[in-house]
Structures are given as structure tokens and as C-alpha cells.
Amino acid sequence: MHKIALEMKFARSEYCPSTLLPEEKRRIVEVVGEGDPEPALPRIGHSYLVPKQCQLARYKPDGSSVYVRHLDRCNLSMNEMGVVEFLRASDYRGRVVTAILYLNKSDWNSGGELRVFDHHEKGEERDEKGLDIIPTGGKLILFDSSKVEHQVLASYGDDPRYALTCWVNGILT
Ligand SMILES: O=C(O)CCC(=O)C(=O)O
Ligand SMILES: [Fe+2]
């Protein structure tokens, strides 16, 4: 298990998540950490951009809201996608780290698991089993946006499932 921390360069008062920040204010100055081996991403000693915006998602608890298996970062080339789709996906190309904070009850037990799959290189066998993570309120999940395929399973019960997601973009150093 790796321990990492992201340290902000700018003063807290300057940070307003609801506005679009100029690039220099979005810079996270340092990634510090410990562990052996060093995590592939985020890399210790490198700087990243904090997100321009977050996504608050609400999934209906009637079993109808799911998110199919996907990667958050689009790795396909223009040839593979076609020009139109390639341009449409430009926002997704810079994503480096996905951070999800669940805003559900702390004793959430109503499905809606995040299923994460082991990374596989092209041509290697895909992980079809995955690992299910219960979206308990207060839980923070961080993963490599370009490598970790994931999906959201259906949830059931009285309360909707809430997830706040931020994507950290692009290596600066
Ligand atoms: O809500 C979750 O657990 C994951 C959502 C997700 O995969 C996404 O918004 O890209
Ligand atoms: Fe995702």
C-alpha cells in the first residue's frame, strides 16, 4: 500500500473550486510519499494540475443507474477513433489520477459497488472478476485514470448513491 499526499502551492484563500483557475494557480507543487516500490502515478516529486471542476453524480437506487466498464482517460489515437470523436474526447486525454469521494451514509449497504479491474497490457487477458469497493460515505478512492478500468453496479434501497469525482490532469515536470 502506498501513502501519498498532494501539497498545494497556492494559499487556501485563493482557491475557489467553483471558478476556472488559471494554470499557475492549479499547480500542485509536490507529491510526497513513501513506500516500495514507488507508485507509478502520481509520481513522487512531480507536480500535477488540480482539477478545474468536479463531478457530483447521483445514481437512482431503483437498480436502473449503472456505469459500464470504462477507463477515465481516453488513450485511443485519432486513427482509432475518427476525428470527431477524438476532438470530443479532448477533455479526457489529460486525466492522470481519478479521485472519488463517496457522500453516502457511513453504513451504506445498498449495492452500487465500484468494481475495479486489474490493469492488463494490450493482448493480455482481461481481468473479468474485479474487486468490489462499497461506496461507504467518507471513503476516498484514488487510482490511475489511464490504467484502472472500473464500473459502477446498480444500487437498491431508499437513498440515492452520491459520488464526488475529481480528475487530476497532466504531468508538469
Ligand atoms: O461513482 C463511482 O464510483 C465511479 C464513477 C465513474 O466511474 C466516473 O464518473 O467516471
Ligand atoms: Fe470512471
| query | When you go through (1) modelled with pLDDT under 95; (2) assigned to a strand (DSSP E or B); (3) not aliphatic (A, V, I, L, M) one by one for Glu85, which number turns out not to apply? | reply | (2)
| task | Give the residue that is modelled with the lowest pLDDT, with candidates limited to residues of the range 114-161 that are in a loop (DSSP other than H, G, I, E, B) and of a type in the set (Val, Ile, Thr). | result | Val148
| Total residues in the range 163-173, condition touching a Gly at 6+ places or on another chain (Cβ under 9 Å) and either surrounded by fewer than 17 Cβ atoms within 10 Å (Cβ to Cβ) or assigned to a loop (DSSP other than H, G, I, E, B) (or both) | 2
| request: Tell me which residues, restricted to the range 100-113, are part of a loop (DSSP other than H, G, I, E, B), away from ligand 2 (no atom under 15 Å from the Cβ) and either in contact with a Phe, Trp or Tyr (Cβ under 7 Å, 6 or more places away or on another chain) or open to solvent by 90 Å² or more (accessible area, probe 1.4 Å) (or both). | output: Leu103, Asn104, Lys105, Ser106, Asp107, Asn109, Ser110
| Within the set of pairs 6+ apart or on separate chains, which have a first residue in the range 125-150 that is of a type in the set (S, T, N, Q), a second that is in a strand (DSSP E or B) and within 13 Å of ligand 1 (Cβ to nearest atom), and C-beta atoms under 8 Å apart? | Thr136/Tyr102; Ser145/Arg95; Ser145/Val97; Ser145/Thr98; Ser145/Trp167; Ser146/Arg95
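The values are calculated or read from the model by the stated rules, or taken from the named source; none is laboratory data. Predicted model only: the values in this text are computed from it and were never measured. Because the Cβ atoms are built from the backbone with ideal geometry, glycine has one as well, and the counts that use them run over all protein chains shown. All accessible areas refer to the heavy atoms of the entire protein, side chains included, with ligands and DNA or RNA removed. Shrake-Rupley method; radii C 1.70, N 1.55, O 1.52, S 1.80 Å.
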